1. Quick check on region 1-31: of everything there that is out of contact with any Phe, Trp or Tyr (no Cβ under 8 Å at 6 or more places or on another chain) and of a type in the set (D, E, K, R), which residue is nearest to Val254 (Cα to Cα)?
2. So, in region 1-44, of the ones that are open to solvent by less than 10 Å² (accessible area, probe 1.4 Å) and part of a loop (DSSP other than H, G, I, E, B), which residue ends up farthest from His219 (Cα to Cα)?
3. Go over the candidates Asn85, Asn51 one by one and state the one that is crowded, with 16+ Cβ neighbours inside 10 Å, outside any strand (DSSP E or B), of a type outside the set (A, V, I, L, M) and at pLDDT below 95.
4. One residue is enough: does region 88-95 have a residue meeting the conditions buried (at least 17 other Cβ atoms within 10 Å of the Cβ) and in contact with a helix residue (DSSP H, G or I) (Cβ under 6 Å, 6 or more places away or on another chain)?
5. When you scan region 148-162, do you find a residue that is hydrophobic (A, V, I, L, M, F, W, C), touching a strand residue (DSSP E or B) at 6+ places or on another chain (Cβ under 9 Å) and at pLDDT 90 or above, even just one?
6. Of everything in region 166-220, what is of a type in the set (A, V, I, L, M) and part of a helix (DSSP H, G or I)? Give them in sequence order.
Amino acid sequence: MDEKKLILQASDVSIVFGGLRAVSDFSMNLYKGELVGLIGPNGAGKTTVFNMLSGVYTPTGGQISFWNRDGHVVVVNKRTPAQLNKIGIARTFQNIRLFGNLTVADNVRIAMHAQRNAGIFNILFRTKKFRKDEAIMTERVRHLLSMFGIETKENELAKNLPYGEQRKLEICRALASNPGLLLLDEPAAGMNPQETKELMELIATIRKEFNLTILLIEHDMKLVMGICERIYVLNYGRKLAEGTPEEIRSNPEVIKAYLGAEAAGGK
């Protein structure tokens, strides 16, 4: 990137649960088009950070700002997940949250509701405008599913997909909301090495095609080191380090707290 354009800024963000500070004075800058990793030991506060960035939790201190599609600054702190999704922040979850009894296509279609051009009158009376809207959405659903290699499963129930394909469908559904920032919470969890390799390639592809900024939590260090340009490290709710994969890999404090000598060596 020649000129860095800020898309999200977290400034001294903290959150307290029943007197316990789960995250303390965490700061982060994300720039348009970046692919950034957030790593750390279990219980370090990574998912809590994601929950604050996506509106699930409201920080008790600090501020999170997001630059929306129009370039306007939106304060994230007191917005709901639905409001943030509408302005361009989408996320996946560590535990897959699909609509299991809906088809694969309908899971993706549901995420596009905010992009409908046809109003309630057109929908009720199935007007020409509604039919045109439906055709555009159907085409987009199929395009997204084809990117993830699951277009032949569009009429299957989501719960019947193999685990790896359910993971792909969840990312696909997040993309359907047309985000500017995509938060991926352990996208490779439960995947075998081949599925993880395919996922790495897929994340790189969607980032380029959709001009996305991506922040991901992941325990698979090969994936993180292989695709992320910058990495933030959390430990006990505080930022331990930030830098390039090489800087993080060779940071003595990170090695001691999280990576260990073997992971640091890239093995």
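The values are calculated or read from the model by the stated rules, or taken from the named source; none is laboratory data. Worth saying up front: this structure is predicted, and the values here are computed from it rather than measured. Note that each Cβ is placed from the backbone with ideal geometry, even for glycine, and that neighbours are counted across all protein chains shown. Please note that ligands, DNA and RNA were not included when accessible areas were found on the heavy atoms of the full protein model with its side chains. Shrake-Rupley method; radii C 1.70, N 1.55, O 1.52, S 1.80 Å.
1. Asp25
2. Glu34
3. On the way: Asn51 fails: at pLDDT below 95.
Checking each option against the conditions leaves just Asn85.
4. Within region 88-95, the first condition is being buried (at least 17 other Cβ atoms within 10 Å of the Cβ), and the residues that meet it are 88-93.
The next check asks that each one be in contact with a helix residue (DSSP H, G or I) (Cβ under 6 Å, 6 or more places away or on another chain); those that pass are 90, 92.
Yes, region 88-95 has at least one match.
5. To start, the set of residues in region 148-162 that are hydrophobic (A, V, I, L, M, F, W, C) comprises 148, 150, 157-158, 161.
Those left that are additionally touching a strand residue (DSSP E or B) at 6+ places or on another chain (Cβ under 9 Å): 157-158.
If we keep only those that are at pLDDT 90 or above too, we end up with 157-158.
Yes, the conditions are met somewhere in region 148-162.
6. Result: Leu169, Ile171, Ala174, Leu175, Ala176, Leu199, Met200, Leu202, Ile203, Ala204, Ile206.
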